[in-house]
Amino acid sequence: MQRLLIDQKNITKTQMEDVASVPLAIGQARLKLQSFALTANNVTYAASGFAIGYWNFFPTGVAGQGLVPVWGVAEVVESQSDALAVGTKLYGFFPLADELVMTPKADGHGMIEDVAAHRTELPAVYNRYTPVRGDGGEAEHMRALLQPLLATSYLLFDWLMDNDCFGAEQIIIGSASSKTGLGLCKFLAEPEARNYKIVGLTSARNKAFVEGLGACDQVLTYDEVAQIAQKPSVYVDMSGNAAVKAALHSALGDHLKHSAAVGISHWDQFNPAQELAGPKPQFFFAPAQIAKRREEWGPGKIEGLITESWKRIAADASDWLTVKVHHGLGEAAGVYGALADGTADPRDGHVIEV
């Protein structure tokens, strides 16, 4: 099998490796990846691989080298499990490689769980796989590109509403050009009677793109943080840019009611130990909001809302997303590199067909 290893100390360094496929044990199944998406989300997985545990999903056995998780579709090509037949296709969380060996278990609700020993202590949402039908193509590509990101966008929106926006009159989204950021802007813009202003922060290069989305009441570049109105605010940070975060905290001071850290797309400008004015940033972990809602509403309700919501936002994706399909796992290194160094166009959505 082939896999793309990421240097865990310098996540821009990659190397393609060929390794022998291991024989299956009783209860296991081998899946061959067919296609997967690469986005800034995968860079966040790498940048927070130790802090949150993303390196633990797919151990490599190679010191200092990790496998970044990706969202995509794979087909069962060999099975020693009664839970998963050869030919079944699953959508879910896979390694940046051309195959995965899992220990499948039917969950009783139409989903498949990977119950491999090393995954049992990891967030359950990442261990669930959805059977898919059809021949793939654009629908599968869009799902891999947008479902994970817009699901996080919706959960952020739900969390903000759940907390009455912490009393804020404006919600500031850092890296509003990211797909998770623009999704949050769009969800926030939907309520007709909203009592908050939506402010998108982005680079000068991407300002026109964010303005064109029509979801923000105001779009500012990172150099224009001082122009943000002095009123009760929440900051939702997708980028992890330490300089921007410090400038915004300094500019708003006590007006900042909550600071949420979501992504680290600007991983090279991230500084978790920095001293900041105002409230200490708190990490938003989407699986925790899912778990909270499942406990409050019962299984299935929040999942249904997420599905309906991401599909609604994705319906106009042709206006702001250009799908670019790359063929062969060897293409992944270049795409990942552009995402990691920040040169990728935010309008592009990259899919690797293996």
### Message
Quick one: 3J(HN,Hα) in Hz for the stretch 21-29, Karplus 6.51/-1.76/1.60 with θ = phi - 60°, rounded, Gly and Pro as x.
### Response
6, 8, x, 7, 8, 4, x, 9, 9
### Query
Which length gain, in nm to one decimal place, applies between Thr307 and Arg194 when the Cα-Cα distance is subtracted from 0.36 nm times their residue separation?
38.4 nm
## Note on the structure
Of Gly72, Gly174, Gly53, the most mobile residue in a GNM of the chain (C-alpha springs, cutoff 10 Å) is Gly53
### Longest DSSP-loop-exposure-free segment, trypsin sites (Lys or Arg not before Pro), the chain, at most 16 other Cβ within 10 Å
195-346
## Note on the structure
Expressed in angstrom and rounded, the centroid-to-centroid distance over alpha carbons for the stretch 48-63 and the stretch 325-354 is 21 Å
### Task
Could you compute the FRET efficiency for Glu138 and Ala338, with r as their C-beta to C-beta distance and R0 at 22 Å, rounded to 0.05?
0.50
#### Entry: Neighbour-count order for Phe36, Phe209, fewest beta carbons within 10 angstrom listed first
Phe209, Phe36
### Task
On a C-alpha basis, how far is the centre of the stretch 111-137 from the centre of the stretch 144-200 in Å? Whole number, if you could?
27 Å
### Top of Thr130, Thr343, Thr152 by mean-square fluctuation, Gaussian network on the chain, Cα under 10 Å
Thr343
### Message
Give the residue list of GluC sites (Glu not before Pro) in the stretch 76-125 that are DSSP loop and have at most 14 other beta-carbon atoms within 10 angstrom.
### Response
Glu121
### Summary
Calculated from DSSP helices alone, with each H run of at least 4 adding -39500 (n - 2.57) and the total divided by the residues of the chain, [θ]222 nm to the nearest 500 comes to -8500 deg cm²/dmol
### Task
Express in nm, to one decimal, how much length is gained between Val125 and Lys292 on full extension, taking 0.36 nm for each residue of separation and deducting their alpha carbon distance.
58.9 nm
### Query
Label-point separation (nm) for Asp164 and Glu211, each offset 7 Å from Cα along Cα-to-Cβ?
3.6 nm
### Query
Farthest toward the dipole's positive end in the stretch 1-111, which of Gln34, Ala46, Gly110, given Cβ charges of +1 (Lys, Arg) and -1 (Asp, Glu) about the Cα centre?
Ala46
### Query
Roughly what % of DSSP beta bridges within the chain run antiparallel, to the nearest 5?
60 percent
### Message
Give me the percent relative contact order of the chain, please, defined on Cα pairs under 8 angstrom at least 6 residues apart.
### Response
17 percent
### Query
Using the Kyte-Doolittle scale, which helices in the chain average at least -1.0 and also have C-alpha atoms spread 18 Å or more along the helix axis, with helices defined as whole DSSP H runs?
138-162, 301-314
### Summary
A correct Karplus calculation of ³J(HN,Hα) over the stretch 97-108, with 6.51 cos²θ - 1.76 cosθ + 1.60, θ = phi - 60°, whole Hz and x for Gly and Pro, returns 7, 9, 7, 9, 9, 10, 10, x, 8, 5, 8, x
### Query
Ranking Cys216, Cys165 by Cβ neighbours within 10 Å, fewest first, what do you get?
Cys165, Cys216
### Summary
With the 8 Å Cα cutoff and a minimum separation of six or more residues, the stretch 218-264 has a relative contact order in percent of 49 percent
#### Entry: Where labels lie 7 Å past Cα in the beta-carbon direction, separation of Val325 and Gln80 in nm
3.5 nm
### Query
Under unit Cβ charges (Lys, Arg +1; Asp, Glu -1), what dipole magnitude, rounded to 20 debye, does the stretch 149-265 have relative to its Cα centre?
280 debye
### Task
With a/c under 1.5 counting as rounded, go ahead and sort the stretch 1-73 into rounded, prolate or oblate using the C-alpha gyration tensor (a ≥ b ≥ c being the square roots of the eigenvalues; past the cut-off, prolate if a/b is larger than b/c, else oblate).
prolate
### Task
Please list, in chain and number order, the residues 5+ apart from Val354 or on another chain whose amide H is under 5 Å from its amide H, with Hs placed from the backbone.
Ser35, Phe36, Gly328
## Note on the structure
For the table Lys245/Lys301; Lys207/Lys311; Lys89/Lys186; Lys13/Lys292, the rows whose alpha-carbon distance is greater than 30 Å are Lys245/Lys301; Lys89/Lys186; Lys13/Lys292
### Charged-residue dipole, Cβ positions (Lys, Arg, Asp, Glu), the chain about Cα centre, Debye nearest 20
300 debye
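Just so you know, all these numbers are worked out from the coordinates, no wet-lab data involved. Since the structure is predicted, the reported quantities are computational estimates derived from the model, not experimental observations. Note: ideal-geometry Cβ built from the backbone for every residue, glycine included; neighbour counts use all protein chains shown.
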